[in-house]
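These notes concern the structure reproduced below.
Every read-out reported here was derived from the displayed coordinates using simple, explicitly stated rules and does not represent laboratory data. If you're wondering where the values come from, they're calculated on a predicted model, not measured in any experiment. In this analysis, Cβ positions are derived from the backbone assuming ideal geometry, glycine residues included, and neighbour counts consider all displayed protein chains.
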Amino acid sequence: MEKKDYGKILRQTRKDKGMTLTALAESCNIHWRTIQNFEHGLHTPSINRVEQMFAALNCDLVLQKKPIIQSCKGLEGESE
C-alpha cells in the first residue's frame, strides 16, 4: 500500500466523522499541517501516530498488509 492510500483512508474517515484537520490535530497534540501532509501522502505517519489519530476518531484499526477499519463509532449504520 502506498503512502497516498493511507492518507486517503485517514482523510475519508476524518471527513465521515465530521472532524476538521484542526480538531484532529488538537486531539492528537500535533500540528494540523502534519496531518494534512499525511493525508496528501507527503509523509507517512509512524504506527504510533496512526493508532493515536484513529483513536481520536473513535475507530478501531486493524493493521495488516492493508489497513482495515474494524469499527468506527458514531458513523451512520454502525452499532456502538
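Listed values, structure above:
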quantity	calculated
Spacing of the two label points (7 Å from each Cα toward its C-beta) at LEU21 and VAL62, in nm	3.2
Surrounding net charge for ILE35, when Lys and Arg each add one and Asp and Glu each subtract one, Cβ distance under 10 Å	+3
